[in-house]
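Have a look at the structure below before the remarks.
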Amino acid sequence: MLYLLNKIAYAMVSPLSIGLLLLIIATILLASNFRKKALVVLISGIFWFYLWSTPLFVNWLGAMLELRWQPTTAESIQCADAIVLLGGGMIDKKEGLPYPNLLASSDRVWHASLLYRAGKAPIIIPTGTGVQTAEKILLKDFGVAEDAIVCECAARNTEENARKVEELIANSGKQLNVRKILLVTSALHMSRSMIMFERYAPTLEIIAAPCDYEYSARLRRKRSLADFLPTAFSLSHSTYILKEYIGILGYRLFR
């Protein structure tokens, strides 16, 4: 139930939902003959949509989260007992398709394999509902030994990633002697992930191993007119970014 409520809450406070709400309010005010108030709300709604669909603003907002974490190479990160790879960077293989599909955040899988091949930890724990038929396949293609991949396949969100990994390690006995982990996820997602793992995996020492600096990389490009023109792509991505900010704030205030 809590999982479903979180999904509904995030949907209600997305930039698209808030913008549509402003337009609905403007329509109601206009129909009620409050024309000046309707105009103010309408202009606010248009500006809201413009702001959250403008590449420059969206990339800046995302970069502010990403750059909290220093980009590092696999070779420069300290060693640990395991690499925990948060899923969500891929879509698992569906019936009739030969391979799983890569998303923008599939950099996570590449980074985890680089850490493994650099000798930073002997095992990788991919966590998420689809990792068995997605991340595991790509990890093997990147040269990770199959017996070095221990999948956690039940977690549906970041909080459950932390809880389920803690349970997996605790219930494994001597099979997984893990006390220190390298946490691999997108830099945008790392702040919220660290909060979750520090809170819900208290027996583990967490070392951040961020990757996928998508928005800060775009922000470094030379400016052009396109940076100021609204796009559906930017509006879509602004939803993910706002979700991270709300998640960080919500857990600090209410959990």
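Contact map, the stretch 118-147: first residue more than 14 Å from Gly88 (Cα to Cα), second residue of a type in the set (S, T, N, Q) and open to solvent by 10 Å² or more (accessible area, probe 1.4 Å), Cβ cut-off under 8 Å, separation 6 or more or different chains; pairs are Lys120/Gln78.
Among the helices (runs of 4 or more DSSP H) confined to the stretch 168-255, the ones with at least 2 residues that are of a type in the set (A, V, I, L, M) and exposed (fewer than 13 other Cβ atoms within 10 Å of the Cβ) are located at 232-254. Going by the conditions given, is Ser172 closer than 27 Å to His237 by Cα and among the small types (Gly, Ala, Ser)? No. For the stretch 143-161, the candidate set comprises residues that are in a helix (DSSP H, G or I) and touching a strand residue (DSSP E or B) at 6+ places or on another chain (Cβ under 9 Å); within that set, the residue that is nearest to Gly250 (Cα to Cα) is Thr158. If you go through the stretch 187-213 and keep only what is over 16 Å from Leu249 (Cα atoms), in contact with a Ser or Thr (Cβ under 9 Å, 6 or more places away or on another chain) and among the small types (Gly, Ala, Ser), you end up with Ala187, Ala208, Ala209.
Please tell me if Gly19 is touching a helix residue (DSSP H, G or I) at 6+ places or on another chain (Cβ under 7 Å) and within 27 Å of Leu138 (Cα to Cα). When the stated conditions are applied, Gly19 does not pass them.
Restricting the stretch 127-141 to residues that are open to solvent by 80 Å² or more (accessible area, probe 1.4 Å) and out of contact with any helix residue (DSSP H, G or I) (no Cβ under 8 Å at 6 or more places or on another chain) leaves a set whose member that is farthest from Ala162 (Cα to Cα) is Asp141.
Conditions (1) open to solvent by 40 Å² or more (accessible area, probe 1.4 Å); (2) of a type in the set (S, T, N, Q); (3) within 19 Å of the chain's Cα centre (by Cα), marked per residue:
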residue	(1), (2), (3)
Leu114	yes, no, no
Ile125	no, no, yes
Gly143	yes, no, no
Glu152	no, no, yes
Glu159	no, no, yes
Lys164	yes, no, yes
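The values are calculated or read from the model by the stated rules, or taken from the named source; none is laboratory data. On a predicted model such as this, the values are computed, not experimentally measured, just so you know. Glycine gets a Cβ as well: all are built from the backbone with ideal geometry, and neighbour counts include every protein chain shown. Calculation scope for accessible area: heavy atoms of the full protein, side chains included, ligands and nucleic acids excluded. Shrake-Rupley method; radii C 1.70, N 1.55, O 1.52, S 1.80 Å.
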